[in-house]
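Working notes, beginning with the structure itself.
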Amino acid sequence: MSVVHLEPFRWWHIDEVLPIEADLFGPEQWSAAMFWNELANGHFYLVARDDDGALLGYAGLTAVLPDEAWVQNIAVRRDAQRRGIGRLLLEALLAEAARLGVRSTLLEVSADNAPAQRLYAAYGFEPIGVRRGYYQPSNTDALVMQRVAAATGDGTDRG
């Protein structure tokens, strides 16, 4: 596998990520306007590229309280999955959460997405609830997962 490069997600990436959104999430995909809104509000987003500059995936994190953040999305192109890119993106989001001093990081994941649930569990996320029929129009449940960072006393995260 070539080296994966992470860089800030900028407005010009929106057109690149939309086909990935459509492929992975179908009718539940985010619109361009949703990505514009996330970026306009200053939320933390990254894209992953290979050595040739091809977009492999993207991810976003929103801090909603001084000590709480939500993973908004992690998406990796189908032909680039199972190569550690999702893991790399998640690690970058968690590093940003730690930098912000976030103690609780939450996310919603489709109840039928076992690979993503395993990834999140490997990073200390635990299920805390279910949102019935959350994903529309499929009416799929969302599993709410939370990771609580262990305070170290020196302001750093050991979660």
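The values are calculated or read from the model by the stated rules, or taken from the named source; none is laboratory data. This is a predicted model, so every value here is computed, not measured. Cβ: placed from backbone, ideal geometry, glycine included. Neighbour counts: every protein chain shown.
So if I check each of ARG78, ARG87, ARG82, which one is out of contact with any helix residue (DSSP H, G or I) (no Cβ under 7 Å at 6 or more places or on another chain) and more than 19 Å from ILE14 (Cβ to Cβ)?
ARG82
Which one of these does GLU38 not meet: (1) without any contact (Cβ under 8 Å) to a residue 12 or more places away in the chain; (2) under 21 Å from ALA142 (Cα atoms); (3) under 13 Å from the mean Cα position of the chain (by Cα)?
It is condition (1) that GLU38 fails.
Of the residues that sit in segment 85-139 and are more than 30 Å from ASP51 (Cα to Cα) and among the aromatic types (Phe, Trp, Tyr), which one is modelled with the highest pLDDT?
Among them, the one singled out is PHE125.
Kindly indicate whether any position in segment 52-72 is surrounded by 18 or more Cβ atoms within 10 Å (Cβ to Cβ), more than 26 Å from GLU126 (Cβ to Cβ) and either aromatic (Phe, Trp, Tyr) or over 16 Å from the mean Cα position of the chain (by Cα) (or both).
No, because not a single residue in segment 52-72 is surrounded by 18 or more Cβ atoms within 10 Å (Cβ to Cβ), more than 26 Å from GLU126 (Cβ to Cβ) and either aromatic (Phe, Trp, Tyr) or over 16 Å from the mean Cα position of the chain (by Cα) (or both).
All but one of (1) outside any loop (DSSP other than H, G, I, E, B); (2) surrounded by fewer than 20 Cβ atoms within 10 Å (Cβ to Cβ); (3) aliphatic (A, V, I, L, M); (4) in contact (Cβ under 8 Å) with a residue 24 or more places away in the chain hold for ALA97, so report the exception by its number.
Condition not satisfied by ALA97: (2).
Condition (residue is in contact with a helix residue (DSSP H, G or I) (Cβ under 9 Å, 6 or more places away or on another chain), under 19 Å from ILE85 (Cα atoms), assigned to a loop (DSSP other than H, G, I, E, B) and of a type outside the set (Ser, Thr, Tyr)) applied to segment 11-31: is it met by at least one residue?
no
Can you tell me which residue is farthest from GLN29 (Cα to Cα) among those in segment 74-94 that are in a helix (DSSP H, G or I) and of a type outside the set (A, V, I, L, M)?
Among those that are in a helix (DSSP H, G or I) and of a type outside the set (A, V, I, L, M), it is GLU91.
Which of the residues spanning segment 100-128 are free of Cβ contacts under 8 Å to residues at least 12 places away in the same chain and of a type in the set (S, T, N, Q)?
The one that is free of Cβ contacts under 8 Å to residues at least 12 places away in the same chain and of a type in the set (S, T, N, Q): ASN113.
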